[in-house]
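Everything below concerns the one structure shown next.
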Amino acid sequence: MSRNYYMAGNWKMHMTRNDAAQLAQDLVNQLRDGTHKYLVAPSFTLLETVSAVIEGSNIRLGAQNCASEEQGAHTGEVSVLQLKDLGVQTIILGHSERRHVYKEDDALINKKVKLALKHGFEVILCIGELLEEREAGKVEEVCERQTVKGLEGVDVSLLNNVVIAYEPVWAIGTGKTATPQDAEAVHAFVRKVIARLYGDDIASKIIIQYGGSVKADNAAQLMAMENIDGALVGGASLKTDSFIPIAKFQA
Ligand code: PGA
């Protein structure tokens, strides 16, 4: 496969500075000889600490969200300018917890995607269906809508900074993983949607990560699928011992 695997840890709302610095240092040491692309996405309050630890390493710094406006009177929000100032390179947008718990819709997510790309960030756009949507046979419809609307108005020249993460909502934090075959079917479908929007060349290059209960014992089978190019890992990214075997899986 010509695409490089991209293994990312989404730390969600966990840890304080000391544990974050320790985990980041362990990852720097153990991933030094890793051959894939790596990212950690800590909470906003940990970004400066983690940034200092991973500086100069092969691990990218990610944020888990950003405001949809550049700056101004937006109490409680964090701006792309502030993230850039801390060394953040990548922003995760449209995570299912943002969509379903904090009610972010496709239009808001699209606004954030465009703003982040405009400021030179890499964006990981998360998509994925709810269990009831899967049961109603709407997987493709939902994933297509979230992809198309998430990228609406994004120029083809910016697509090299876009990563898609397919995360079936029913598999996140539940211990239920999509089978490699089920995940592969959705990844192949999303790649076709990208081909329709941006052409075959871009579609063949775009990284599509899988997320949802990725663990050491299922990572290699998932990554073996033709259209699965990496993982966005939640729970298992919080400990060195569980993340390293995923991050360093052997193809
Ligand atoms: P999980 O989370 O690995 O804990 O299922 C994945 C995610 O939400 O990105």
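The values are calculated or read from the model by the stated rules, or taken from the named source; none is laboratory data. These numbers were taken from a predicted model, which means no experiment stands behind them. Please note: Cβ atoms are built from the backbone with ideal geometry, for glycine as well, and neighbour counts cover all protein chains shown. Protein only, heavy atoms only, side chains kept; ligands, DNA and RNA dropped before computing areas. Shrake-Rupley method; radii C 1.70, N 1.55, O 1.52, S 1.80 Å.
Here is a yes/no grid of residues against (1) more than 25 Å from Val142 (Cα to Cα); (2) in contact (Cβ under 8 Å) with a residue 60 or more places away in the chain; (3) not in a loop (DSSP other than H, G, I, E, B):
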| site | (1), (2), (3) |
| --- | --- |
| Leu27 | yes, yes, yes |
| Leu46 | yes, no, yes |
| Val53 | yes, no, yes |
| Ser57 | yes, no, no |
| Ala67 | no, no, no |
| Glu77 | yes, no, no |
| Asn110 | no, no, yes |
Residues being open to solvent by 20 Å² or more (accessible area, probe 1.4 Å) and either in contact with a Pro (Cβ under 8 Å, 6 or more places away or on another chain) or of a type in the set (S, T, N, Q) (or both) - total across the range 66-88: 4
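Take Gly173 and decide whether it is open to solvent by 40 Å² or more (accessible area, probe 1.4 Å) and within 13 Å of the ligand (Cβ to nearest atom).
Spelling it out, Gly173 is indeed open to solvent by 40 Å² or more (accessible area, probe 1.4 Å) and within 13 Å of the ligand (Cβ to nearest atom).
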Residue in the range 195-207 that is of a type outside the set (Phe, Trp, Tyr) and within 16 Å of the ligand (Cβ to nearest atom) present: yes
Count of the range 89-112 residues which are under 19 Å from Arg60 (Cα atoms), in contact with a helix residue (DSSP H, G or I) (Cβ under 6 Å, 6 or more places away or on another chain) and either away from the ligand (no atom under 16 Å from the Cβ) or open to solvent by 90 Å² or more (accessible area, probe 1.4 Å) (or both): 0
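Within the range 115-124, restricting attention to residues that are surrounded by fewer than 18 Cβ atoms within 10 Å (Cβ to Cβ) and not small (Gly, Ala, Ser), which residue is farthest from the ligand (Cβ to nearest atom)?
So the first thing to find is which residues in the range 115-124 are surrounded by fewer than 18 Cβ atoms within 10 Å (Cβ to Cβ), and the list is 118-120.
Okay, now just the ones that are also not small (Gly, Ala, Ser), so 118-119.
Details: Lys118: 25, His119: 23 Å.
Top of the filtered list is Lys118.
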Subset tally (residues that are within 16 Å of the ligand (Cβ to nearest atom) and either surrounded by 15 or more Cβ atoms within 10 Å (Cβ to Cβ) or in a helix (DSSP H, G or I) (or both)) for the range 6-25: 10
Members of the range 125-147 that are open to solvent by 40 Å² or more (accessible area, probe 1.4 Å), assigned to a helix (DSSP H, G or I) and not charged (D, E, K, R): Leu131
